[in-house]
Amino acid sequence: MVRVAEILASGLGRHLATHRVSESVAKACRMILACRTAALGGHVIECEKGHVVGVAYNACRNRSCPRCAFYRVQKWLERQVKTLLGCPHHHIIFTIPHDLNVLWLLNYRVLGDLLFKSAAAALFTLAADPKHLGARPGAVMALHTWGQQLYLHPHVHCLVTAGGADALGRWVASRRAFLPAEPLKQLFRAKFLYGLRKLARQDRLRLPDGWTREKVQSLCRRLETKRWNVRVCERYEDSTAVLNYLGRYLHGGPIGERRLSDFDGSHVTFTYKDYRDQGPDGPKQKTMVLGRDEFIRRYVQHVPPKGFHLVRACGLYRHGGDAGDVRRALRVVLPEEPRLHDAIMSRTLPPPPTDDQRTECPVCGSRDLRVLWCPSRGAPESLAA
C-alpha cells in the first residue's frame with residue numbers, strides 16, 4: 001500500500017523550501033513522517049516468562065495522520081451517538097464560493113469560525129420561524145475543506161434533527177420537506193458577507209499582496225449576486241448513516257490511503273468519485289494522476305490550525321446551558337436510541353493499524369502479558385533481543 005508518509009518524505013523538503021507554511025502544518029508533517037517509526041519510540045509485549053509476543057513502534061496520534069484515524073474516528077462516533085435523539089435527521093450542506101479561497105488560505109481560523117457561525121445562524125433563524133418549524137432543533141456541524149480531487153472546497157456538513165423543542169420544551173416534529181433551500185441560501189449568504197465585511201473593517205483579515213479593504217468590499221458586492229450552494233438532503237430515518245459519513249473525514253487528512261494506488265517517486269495516482277458524472281450505481285469512480293509536488297501542496301493546505309474545532313454542536317445538541325436538560329426531557333418522547341451498526345462501522349472506518357494484537361504468548365500460551373516501553377528515538381527491537 002502507498003503511504004502518505006512515503007510521498008511526504010520524498011518531496012516535503014522541497015515544498016518547505018519554496019512555500020511558507022504554518023507551524024501546525026509543519027508539525028503535522030513531522031508527525032506523519034515519524035508515525036510508527038523509531039523516532040517516537042516503541043514498545044515490546046512479553047509474557048511472564050520473557051517470551052516476546054509483539055513488537056511495535058508508537059503512533060503519532062496527530063489528527064491529520066491517516067494511520068492514526070481508526071481509533072480517533074471510532075471514539076468520536078461512539079461519543080456522538082450517545083448524544084443523538086431518537087428521531088429522523090436531515091443532512092444540510094453549506095458551501096462558500098470558490099472566489100473566497102484566496103482569503104481562506106490566509107485566514108483558515110477566522111473564516112472557519114465565520115462559516116460555522118453563519119451556517120448555524122441561518123439554520124436556527126429559519127427554524128424559529130413558525131411558518132417552517134417554530135422550534136429549536138439540534139445540529140452537529142462538521143467542517144470539510146476538500147473535494148474528492150483535493151481541491152480547496154470549504155463547506156460545513158450539518159446533521160439536523162427533523163424537529164425541535166418549542167419555547168415550553170415540547171417536541172415539534174418537522175414536515176417532510178423541513179426547511180426550504182432558497183431562503184436558507186439567502187440567509188446564509190447575507191450573514192456570511194456581513195461577517196466578512198465586519199472582519200475587513202476591523203483589520204482582522206490577512207490580505208494577499210496588493211489587496212486592500214476596499215477590494216474585500218468589492219468582492220463582497222460581487223458575491224451578493226453570485227449563487228451560493230446550500231443543499232438540503234432528504235430525511236434520514238437512520239441518522240447514524242450521516243454521522244458515519246461525517247466521522248470518515250474528521251481525522252486522517254483529506255484522503256484515505258486506500259485511495260492511493262501508485263507512487264513512482266514523481267507522480268501520485270489515486271482514485272476519486274466524480275459526482276458530476278452519475279451512473280446507475282451513483283457517481284463514477286475515476287483515476288487522477290498528480291505530480292508529487294502538486295499532491296503535497298493540495299494535501300497540506302487542509303491541515304487545520306492548532307486547537308481549531310472541526311466539529312461543533314448547536315441547539316439541542318449544544319453542551320452546557322439548558323440544552324442538556326431539554327434533551328434529557330425529550331428522551332421520554334423520543335425513546336429510541338440510535339445505534340452504530342457494525343456493517344456501517346466497518347465500511348466507514350479506515351482499516352486499523354496492523355500492530356500485533358495477540359492476547360496470549362505463542363510459545364507458552366500465557367495470558368499474563370506486560371508492556372516494556374522504549375523511549376523516543378529508541379529501537380524496540382533492541383529490547384526484544
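The values are calculated or read from the model by the stated rules, or taken from the named source; none is laboratory data. Computed from a predicted structure; not experimentally measured. Reconstructed Cβ throughout: ideal geometry from the backbone, glycine too, with neighbour counts over all protein chains shown.
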Given (1) more than 28 Å from the chain's Cα centre (by Cα); (2) surrounded by 15 or more Cβ atoms within 10 Å (Cβ to Cβ), where does Arg197 come up short, assuming only one miss?
(1)
If I go through segment 257-285 residue by residue, how many of them are surrounded by 17 or more Cβ atoms within 10 Å (Cβ to Cβ) and modelled with pLDDT under 90?
1
Can you pull out every residue in segment 200-218 that is more than 28 Å from the chain's Cα centre (by Cα) and aliphatic (A, V, I, L, M)?
Val216
Would you call Arg63 under 15 Å from Gly252 (Cα atoms) and either among the basic types (Lys, Arg) or modelled with pLDDT under 85 (or both)?
yes
Would you check if Ser10 is assigned by TED's automatic domain parsing to the domain that holds Glu294, within 25 Å of the chain's Cα centre (by Cα) and among the polar types (S, T, N, Q)?
no
For Pro88: the one exception among (1) assigned by TED's automatic domain parsing to the domain that holds Pro335; (2) free of Cβ contacts under 8 Å to residues at least 12 places away in the same chain; (3) not acidic (Asp, Glu)
(2)
Would you check if Arg328 is surrounded by fewer than 15 Cβ atoms within 10 Å (Cβ to Cβ), modelled with pLDDT under 80, over 30 Å from Arg36 (Cβ atoms) and basic (Lys, Arg)?
no
Can you report the number of residues in segment 112-142 which are over 16 Å from the mean Cα position of the chain (by Cα) and part of a helix (DSSP H, G or I)?
13
Name the residues in segment 311-333 that are more than 19 Å from Leu123 (Cβ to Cβ) and touching a strand residue (DSSP E or B) at 6+ places or on another chain (Cβ under 6 Å), would you?
Val333
Which of the residues that make up segment 256-268 are in contact with a helix residue (DSSP H, G or I) (Cβ under 7 Å, 6 or more places away or on another chain) and either in a helix (DSSP H, G or I) or touching a residue at least 40 places away in the same chain (Cβ under 8 Å) (or both)?
Gly256, Glu257, Phe263, Gly265, Val268
Within segment 161-173, identify whether any single residue is touching a residue at least 24 places away in the same chain (Cβ under 8 Å) and either under 16 Å from the mean Cα position of the chain (by Cα) or within 21 Å of Ser118 (Cβ to Cβ) (or both), and answer yes or no.
yes
Would you please list the contacts, defined by Cβ atoms under 7 Å and residues six or more apart or on different chains, that run from a residue in segment 190-205 that is closer than 19 Å to Val102 by Cβ and in contact (Cβ under 8 Å) with a residue 60 or more places away in the chain to a residue that is surrounded by fewer than 12 Cβ atoms within 10 Å (Cβ to Cβ) and among the basic types (Lys, Arg)?
none
Condition broken by Arg79, with the remaining ones in (1) in the same structural domain as Leu193 (by TED's automatic domain parsing); (2) touching a residue at least 12 places away in the same chain (Cβ under 8 Å) satisfied:
(2)
Just the residues that are surrounded by fewer than 17 Cβ atoms within 10 Å (Cβ to Cβ) and hydrophobic (A, V, I, L, M, F, W, C), please, taken from segment 22-38.
Ala26
Counting only residues that are among the acidic types (Asp, Glu) and either under 19 Å from Leu310 (Cβ atoms) or within 17 Å of the chain's Cα centre (by Cα) (or both), segment 236-278 contains a total of 1
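Just give me the residues in segment 245-297 being among the basic types (Lys, Arg), closer than 22 Å to Cys60 by Cα and in contact with a Ser or Thr (Cβ under 8 Å, 6 or more places away or on another chain), in sequence order.
Arg248, Arg259
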Hits in segment 287-309 - residues which are within 22 Å of Phe116 (Cα to Cα) and either touching a residue at least 40 places away in the same chain (Cβ under 8 Å) or part of a strand (DSSP E or B) (or both):
Val300, Gln301, His302, Val303, Pro304, Pro305, Lys306, Phe308
